[in-house]
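Colleague: Quick one: the structure is below, and I'll ask about it shortly.
The values are calculated or read from the model by the stated rules, or taken from the named source; none is laboratory data. As the structure is a prediction and not an experimental result, all values here were calculated from the model. Positions of Cβ are generated from backbone atoms using ideal geometry, with glycine treated the same way; all protein chains shown enter the neighbour counts. The area values use the complete protein model at the heavy-atom level, side chains included, leaving out ligands, DNA and RNA. Shrake-Rupley method; radii C 1.70, N 1.55, O 1.52, S 1.80 Å.
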Amino acid sequence: MTRANPASLAHCNGEWRQIGRALTVLAAMALLAGCEDKNTFVAPPPPKVDVATPVQRAVTRYVEATGNTAPIQNVDLVARVQGFLQSIDYQDGTFVKQGTQLFTIEPETYKLKLEQAQAAEAGAQASLRQAEADFKRQSDLVQRQAVSQATLDSSTSTRDNAQANLQQAQANTKLAEVNYGYTKVSAPFDGVVSAHMVSIGELVGVASPTQLATIVAMDPIYVNFTINEQDVLRIRAEAVRRGLTTADLKQFPIQVGLQTESGYPHEGHLDYVSPTINQSTGTLAVRGLVPNDKRVLLPGYFVRVRVPFSQEKDSLLVPDTALGSDQGGRYLLVVNGDNVVEQRKVQIGPVDNGLRVIESGLKPDDRVVIAGLLRVIPGQKIDPQATKISQPQASAK
């Protein structure tokens, strides 16, 4: 068996050690190169942000207020004659038509007084006929000089007294008719009658008129509210621009909604405007008249009121969520031509069908950031994603 030369083995081991050192150096260089690549800074891409141009459409301007409803007629039903209450002829809280009988107050006594007055009137008429006939006879006799002038004067006086007695009897009859009519208390107008305040058999109308119940008219119904002085000036300026008179202002439509209703489903018109401003509150009292045939509006409700007074054709609107605020007021984030975000101070108006009206500070072709406001800051470049502002459904009228 041939044995390896020790010198040859040493030579081979040296070569392998050199090869190992070379591989180690190469691995270290590769490792350093890899570390060098990982430490290189790569700027993140611009954030993608939704932008849209403002909605441009006609907007109706309203004066909005809180008011309360009130009946146009509210009358206490009272006993105008003395007597015992004989009957209650309605159900408490029911709706009645004009002329419906509600109470009856002991009519027999007043019917007898009416018959007595009618009999006295008939007697006075008979006396007058006799006095007139005697006057004609005496007049003929005086012309023939058959009786003296004194006899004719006496006949004339008797006739005149008979005429006066008849007039007195006729007045008594009318008074008796009125009192007899008061024994039946009827509804003076269409309305809802409250619960009765007296009982059958109770003596009413003794010292003063006794209240029996209350009747309230429900259709139409008043809506009372106030508007502040600034709104008054705006409305008057708009009226002057449109050439409207005070009478025209009373025909302005009025829209009303209950606190639990969506929108303003009840419509009417202005009925009264106070001629003066209340100096203590700086407001003007206004009243509207609203149909209420279904009696949804009850007197005493607090309601939301708005009155349209002008319309602008090209208003700019954005979602409320696109607006920001700081110590300087409200602002929008707008993207310029270089896709850089700018902060734009704006003046806001009312909300119209879910979108906010922008009074000033915005142009129709501005690209407004409508989503992702927290991801961008003024001066930052972004990747704008063009979209459209969705318009909510119109609110109920």
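Colleague: If you check 141, 112, 175, which single one turns out to be outside the structural domain of residue 270 (by the TED database) and either loosely packed, with under 13 Cβ neighbours inside 10 Å or among the basic types (Lys, Arg) (or both)?
Modeller: Residue meeting the stated conditions: 112.
Colleague: Got at least one residue in the stretch 177-190 being among the basic types (Lys, Arg) and under 30 Å from residue 274 (Cα atoms)?
Modeller: No, because not a single residue in the stretch 177-190 is among the basic types (Lys, Arg) and under 30 Å from residue 274 (Cα atoms).
Colleague: List every residue pair whose Cβ atoms sit under 6 Å apart, with the two residues 6 or more apart in sequence or on different chains, where the first one lies in the stretch 156-167 and is farther than 14 Å from residue 133 by Cβ and the second, anywhere, is surrounded by 13 or more Cβ atoms within 10 Å (Cβ to Cβ) and of a type in the set (S, T, N, Q).
Modeller: So the pair list comes out as 166/125.
Colleague: Looking only at the stretch 306-341, count how many residues are crowded, with 17+ Cβ neighbours inside 10 Å and among the charged types (D, E, K, R).
Modeller: Summing the residues that are crowded, with 17+ Cβ neighbours inside 10 Å and among the charged types (D, E, K, R) in the stretch 306-341 gives 1.
Colleague: Further question: I'm trying to understand the selection: among the residues of the stretch 349-377, which are open to solvent by 60 Å² or more (accessible area, probe 1.4 Å), touching a strand residue (DSSP E or B) at 6+ places or on another chain (Cβ under 8 Å) and hydrophobic (A, V, I, L, M, F, W, C)?
Modeller: Within the stretch 349-377, 351, 377 qualify.
Colleague: So, in the stretch 275-305, of the ones that are loosely packed, with under 13 Cβ neighbours inside 10 Å and within 29 Å of residue 236 (Cα to Cα), which residue ends up modelled with the highest pLDDT?
Modeller: So the residue we want is 302.
Colleague: Look at the stretch 314-331 and say how many of its residues are part of a helix (DSSP H, G or I) and among the basic types (Lys, Arg).
Modeller: 0
Colleague: Now for a separate question. May I ask you to list the residues in the stretch 249-260 that are more than 15 Å from residue 232 (Cα to Cα) and either surrounded by 10 or more Cβ atoms within 10 Å (Cβ to Cβ) or in contact (Cβ under 8 Å) with a residue 12 or more places away in the chain (or both)?
Modeller: Listed by number, the residues that qualify are 251, 253, 254, 255, 256, 257, 258, 259.
Colleague: Mind checking which residues of the stretch 71-109 are small (Gly, Ala, Ser), open to solvent by 20 Å² or more (accessible area, probe 1.4 Å) and not in a loop (DSSP other than H, G, I, E, B)?
Modeller: Hit for the stretch 71-109 is 87, nothing else.
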